[in-house]
Every structure is written in structure tokens, then in C-alpha cells.
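Accompanying notes for the structure given below.
The values are calculated or read from the model by the stated rules, or taken from the named source; none is laboratory data. Bear in mind the structure is a predicted one, so any value in this text is a computation, not a measurement. So basically every Cβ, Gly included, is an ideal-geometry build from the backbone, and we count neighbours across all protein chains shown.
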Amino acid sequence: MADVRVFGTALDAASATADEIAAAVKAKPDLVLGVATGATVVPVYRRLVAAHHAGLSFAGVRCFSLDEYVGLPAMHGSSYRAEMRAQFYNPVGLPPSQCFAPDGMADDPLAEAARYEAAIARAGGVDLQLLGIGVNGHIGFNEPPADFNQGVHVTDLASTTLVANRRFFQPSEMQPTRAITMGVRTILSARKLLLIATGLGKRDAIAAALRGPVSPACPASSLQMHSNALVILDADAASGL
């Protein structure tokens, strides 16, 4: 079962999450860090940038993104590669050679998924994987019902995910409907999992993930199978437990 820690506010939860990552970097300066995107983790990266300005070095860290939209250029402001550069990589001085993500513009997304899985393996696997959770219980872009045996793969995005992410695109823009994502198998292969969830909107998903059955209907319930998973919540997200 996951270790669950509840904090009073979303900011407190983000600070605790950043502290866990910072401690891991101090303990292993060449940490392989799996990174996530989304509104919940933005304050986590802000705290890590502040820690860097206070003296924490990320010079040896290698980062692997959970996912990327298919058909979205790396320079598009809503691509996850662009988000990570702006929020974390550039402010802490991580060079592109240490920052990895699926190429959403690859001619063959299936081949790109296989290439990315191999890149993670060549790095020795992920030491610490940061995760968020979707309102439908997805982790990465593993939408329900999720195949727990999948590695990195191409997936169609659920309608709830498309609605939640519509705000990141201009009204005139075509919103991507597919993504390349780490699969549940890939995520669970990380040596430690660190999931953060905040707000009432995540209450039901967290309850299903942590107190419901392990089921493809809630992809995040797969965390119950991991031997080293830490879940950090604010009071609102934890209110359904």
C-alpha cells in the first residue's frame, strides 16, 4: 500500500512534494527523474527552482517526461516539452542533452514509443517518478480501462481529458486527441513513485485509487501494487478517504 500524507493546503502539499524530490537529488546527484506536467505540479517546480537558487544543484540529473501530444511541435507553448523547459529545465540550468521526452512530431509514433522506452532502459530506469492524477483516475495518459502491461505507447485521449485540457489551446486551434505516454508497466518500473493531488476535483479519483479495488477502471489504482509509492494530498483531495 502507498504511504499517504495529507497536508492542509495545496501549497503545503506542493512544498512537501518538492522537498521529497530535493532530498532525492541530494542523496543521488545523478538521479533519473520522471517528470509530470499539469497545474498541480506547477508549484512543485517553483519550489525546486527556489531550492536551486538557494544552492541545490541539478547538474547531474536526467529527466524523462511522462508523455507528449501527438502532432504538437516541441516549440508550441502547450507542448509538454515547452512547459518543462519554461517551468523547470531552463530555470535550473538543465541542458537539452539531459532532458528527454517523446517526439510528438515523429513520422511513426509507434516507433517513437518504442524508441522512448529503450531510452529509459538505457538510462538505467527511473529512480523517482513524479505523478499527477486525472479526474478519471488516469496517470500519465493511461486512460481507463488501462492495460497494466503496456509500456510506452500511443493512446487516444478520453473525452474528460480533452475537456480538462481544452483551456491550454486557442479557440481556433485544433486540439490534439492522441498522445505518446509511458504505460502503467513503465511507470511501475520506477524505483519510487511520488503522486501529488490537490483540490476537491481529485477527491473521487484519489478515493478510487487508494481505497478501491486495483482495477483498469482506475489506472492510478495500480499504485497499490508498487512497493515504494508516496502519495501527497491536500485536505480537499483527501476528503474522500
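What is the one condition in (1) free of Cβ contacts under 8 Å to residues at least 40 places away in the same chain; (2) touching a helix residue (DSSP H, G or I) at 6+ places or on another chain (Cβ under 6 Å); (3) more than 30 Å from A111 (Cβ to Cβ); (4) surrounded by fewer than 17 Cβ atoms within 10 Å (Cβ to Cβ) that P171 does not satisfy?
Result: P171 fails condition (2) only.
The rows are residues; the columns are (1) closer than 20 Å to A237 by Cβ; (2) small (G, A, S); (3) modelled with pLDDT of 95 or more.
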site: L162; (1), (2), (3): no, no, no
site: T177; (1), (2), (3): no, no, no
site: T181; (1), (2), (3): no, no, yes
site: L200; (1), (2), (3): yes, no, yes
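Residue-wise test of (1) at positive phi; (2) more than 14 Å from the chain's Cα centre (by Cα); (3) among the β-branched types (V, I, T).
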site	(1), (2), (3)
L128	no, no, no
I139	no, no, yes
A158	no, yes, no
G212	no, yes, no
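The conditions are (1) part of a helix (DSSP H, G or I); (2) under 24 Å from F100 (Cβ atoms); (3) touching a residue at least 40 places away in the same chain (Cβ under 8 Å), and L33 fails exactly one of them. Which is it?
Condition not satisfied by L33: (1).
Only one of A179, A146, A164 is in contact with a strand residue (DSSP E or B) (Cβ under 8 Å, 6 or more places away or on another chain) and either surrounded by 22 or more Cβ atoms within 10 Å (Cβ to Cβ) or not hydroxyl-bearing (S, T, Y) (or both); which?
Values: A146 fails: in contact with a strand residue (DSSP E or B) (Cβ under 8 Å, 6 or more places away or on another chain); A164 fails: in contact with a strand residue (DSSP E or B) (Cβ under 8 Å, 6 or more places away or on another chain).
Of the residues listed, the single one that is in contact with a strand residue (DSSP E or B) (Cβ under 8 Å, 6 or more places away or on another chain) and either surrounded by 22 or more Cβ atoms within 10 Å (Cβ to Cβ) or not hydroxyl-bearing (S, T, Y) (or both) is A179.
Looking at I133, I120 in this structure, which one is touching a helix residue (DSSP H, G or I) at 6+ places or on another chain (Cβ under 6 Å), buried (at least 16 other Cβ atoms within 10 Å of the Cβ) and among the β-branched types (V, I, T)? Working first, answer last.
Details: I120 fails: touching a helix residue (DSSP H, G or I) at 6+ places or on another chain (Cβ under 6 Å).
The match here is I133.
Name the residues in the range 226-241 that are in a loop (DSSP other than H, G, I, E, B) and among the acidic types (D, E), would you?
Taking the range 226-241 as the starting set, the residues that turn out to be in a loop (DSSP other than H, G, I, E, B) are 226-228, 235-236, 241.
Within the range 226-241, D236 is the sole residue that qualifies.
Read through the list (1) within 22 Å of L157 (Cβ to Cβ); (2) free of Cβ contacts under 8 Å to residues at least 60 places away in the same chain; (3) not in a loop (DSSP other than H, G, I, E, B), then give the number of the only condition that A113 fails.
(2) is the only condition that A113 fails.
Would a scan of the range 79-91 turn up a residue that is in a strand (DSSP E or B) and either out of contact with any Lys or Arg (no Cβ under 7 Å at 6 or more places or on another chain) or modelled with pLDDT of 95 or more (or both)?
Narrowing the range 79-91 to residues in a strand (DSSP E or B): none.
No, the range 79-91 has no match at all.
Given the condition basic (K, R) and over 17 Å from the mean Cα position of the chain (by Cα), answer yes or no: does some residue in the range 174-189 qualify? Steps first, answer last, please.
Let us first name the residues in the range 174-189 that are basic (K, R), namely 178, 185.
Within this subset, residues satisfying the condition of being over 17 Å from the mean Cα position of the chain (by Cα) are none.
Looking for residues that are basic (K, R) and over 17 Å from the mean Cα position of the chain (by Cα), one finds none in the range 174-189, hence no.
I'd like the full set of residues that are surrounded by 24 or more Cβ atoms within 10 Å (Cβ to Cβ) and in contact with a helix residue (DSSP H, G or I) (Cβ under 6 Å, 6 or more places away or on another chain), limited to the range 222-232.
I232 - this is the single residue of the range 222-232 that is surrounded by 24 or more Cβ atoms within 10 Å (Cβ to Cβ) and in contact with a helix residue (DSSP H, G or I) (Cβ under 6 Å, 6 or more places away or on another chain).
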